[in-house]
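Bear in mind these aren't lab numbers, they're just calculated from the coordinates by the rules spelled out. Model, not experiment: these values are computed from the prediction. A quick note on method: Cβ atoms are made from the backbone with ideal geometry, for glycine too, and the neighbour counts reach across all protein chains shown.
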Ligand code: ADP
Ligand code: ZN
């Protein structure tokens with residue numbers, strides 16, 4: 001490597017001199033430049049200047065508004081604001097839009113910049129390149145130099161106005177995020193108590209459910225700056241840009257702390273590494289991800305920088321991202337239920353003029369499975385339809401029509417439940433819960449919902465004791481098997497036919513029943529003889545049979561017998577409580593969600609007992 005180094009020496013020397021000259025000139029010119037600096041003003045000042053007609057040229061950009069005074073002697077800038085009448089008012093006060101504002105530079109500096117510097121660079125680069133060519137040395141590409149810098153100031157957004165109240169429904173998500181708001185209001189209290197806030201929080205849910213809105217609302221409620229960037233923006237850049245953008249983002253965030261950093265579509269950079277490698281081109285993503293991990297580890301807890309990230313594919317994320325100290329908290333943001341949909345419709349309906357007879361409850365019911373974004377779209381479509389028909393008032397039929405327009409789009413991709421399916425799922429889920437509740441005489445259920453979940457399950461029964469207890473009695477296991485069969489049992493009792501919806505239940509019930517016989521010694525026939533050994537305690541499922549083929553057949557028969565007995569018990573329970581089953585399933589079908597409390601109220605209260 002010696003021969004590469006030596007010819008570089010004079011070149012490096014030469015560059016140093018150039019840099020020194022530029023540096024010196026800048027030093028001399030700094031005070032000169034300061035006079036011509038752009039003045040940052042707040043939006044109010046801007047408004048006042050419009051009022052007074054003291055506006056010359058205006059340039060409205062995405063991230064800022066640059067403008068001059070009437071005499072065009074001073075340049076100002078201010079942040080953008082959602083202000084639909086701005087253009088009109090600007091026009092009225094005589095602002096000019098036709099020219100580009102150029103930041104003033106002193107004559108000496110512009111001479112330097114326009115003549116001397118390019119020549120220096122040209123000559124320098126030419127020499128450098130010719131050397132490179134002569135050496136024929138591979139290695140670093142000259143083009144990649146200097147591209148690592150990303151432009152600053154692109155991220156900060158005004159979140160003024162967005163509050164939790166603007167996000168309809170999603171009460172659970174808001175509740176989890178409230179803690180962050182409390183923290184940002186008074187970090188001292190947390191430090192004093194020795195509590196640390198998680199650095200990263202993952203908002204998980206389907207698109208259009210309000211994740212971005214929630215993140216903005218957290219910033220709005222806490223009154224802190226909001227930095228936002230999308231994961232896909234990181235990867236669409238030149239090599240090395242993603243990582244440097246991450247660095248830049250965190251540098252700014254730390255300066256502005258306390259603040260919220262929001263990374264949308266984090267899966268774009270946070271996908272599992274090395275999955276399906278061999279295509280190359282993943283380098284950039286990996287570098288960006290590594291930089292993100294480094295940055296997250298690099299700052300102390302309680303610095304006031306809270307990172308929120310959104311994804312609808314949490315399972316595809318690299319485990320390194322979800323490790324403690326990184327995105328170790330998850331907030332589910334699910335599709336809204338009936339009540340949530342109605343609330344969202346009402347929020348967005350504030351922008352339109354609905355007719356007297358509009359019933360949002362009916363609209364919400366018709367739009368089962370729609371996300372918040374789709375509901376917002378339904379309202380907008382309805383307003384457009386009204387205008388097409390020469391009206392400004394939006395009627396019920398406008399809304400109903402527009403559901404069809406919007407739903408036609410999403411029904412295919414979202415697999416929305418039909419009415420009959422919804423009914424079956426409601427009975428199925430109540431079947432599980434009712435069997436469980438009747439056997440133990442306690443509230444087994446926290447919440448049941450029949451909105452399709454991110455996890456892919458249709459219904460969802462959350463039981464208080466979901467985790468395995470250390471010790472379970474024979475009776476408890478039998479009850480659990482009966483509970484698993486409860487879903488299918490309800491379908492049989494009510495509809496007389498069965499669906500494929502119970503496949504997971506069947507698997508679980510069978511597993512338990514088999515374990516009772518082969519591992520827990522809970523059958524009379526085989527007593528305490530181990531028929532099966534578990535190979536790997538942690539992976540659980542790796543078992544191997546250790547018995548004669550005849551015995552195997554007996555075990556299989558016994559498993560069937562056991563499950564069948566519990567299945568019959570479940571059917572009996574449901575038949576005996578048919579009116580409660582109908583009432584509960586009806587409630588769930590109507591409301592799409594039922595809490596444990598509501599469940600017990602209906603179960604214990606009401607008619608007979
Ligand atoms: P995500 O980030 O989850 O994809 P967004 O937050 O970008 O969804 O939501 C898109 C739009 O949908 C929002 O601008 C808003 O108009 C509407 N929206 C979504 N969820 C809600 C909600 N819960 N309440 C009110 N509006 C909502
Ligand atoms: Zn089930």
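Fully extending the segment from residue 125 to residue 92, taken as 0.36 nm per residue of separation minus the present Cα-Cα distance, adds 6.8 nm. Put in order of Cβ neighbour count within 10 Å, fewest first, the listed residues 402, 316 become 316, 402.
Taking each residue as 0.36 nm, the span from residue 339 to residue 471 lengthens on full extension beyond its C-alpha to C-alpha distance by 43.5 nm. Computed from the C-beta positions of residue 70 and residue 351 and an R0 of 41 Å, the FRET efficiency is 0.70 to the nearest 0.05. Using 0.36 nm per residue and subtracting the Cα-Cα separation, the extra length available between residue 62 and residue 520 on full extension is 158.2 nm.
What FRET efficiency comes out for residue 547 versus residue 251 if R0 is 60 angstrom and r is the Cβ-Cβ distance? Round to the nearest 0.05. The calculated FRET efficiency here is 0.40.
Distance between the C-alpha centres of region 184-252 and region 582-601: 37 Å, rounded to the whole angstrom. Binning all Cα-Cα separations of region 38-104 at 10 Å, short to long from zero, yields these whole-percent fractions: 22, 65, 13, 0. Taking other C-beta atoms within 10 Å as the exposure proxy, 403, 229 rank 229, 403 from fewest upward. At q = 0.11, 0.14, 0.17, 0.28 Å⁻¹, what is the base-10 log of I(q)/I(0) for region 338-408 according to the Debye formula with one equal point scatterer per Cα and no solvent? Please give it to two decimals. Debye output, listed in q order: -0.20, -0.33, -0.49, -1.41. For 190, 183, 427, the sequence from fewest to most other C-beta atoms within 10 Å is 190, 183, 427. Averaged over residues, the count of other Cβ atoms within 10 Å places the peptides 337-349, 496-508, 570-582 in the sequence 337-349, 570-582, 496-508, highest first.
The distance from the alpha carbon centre of region 476-504 to that of region 74-95 is 64 Å, rounded to a whole number.
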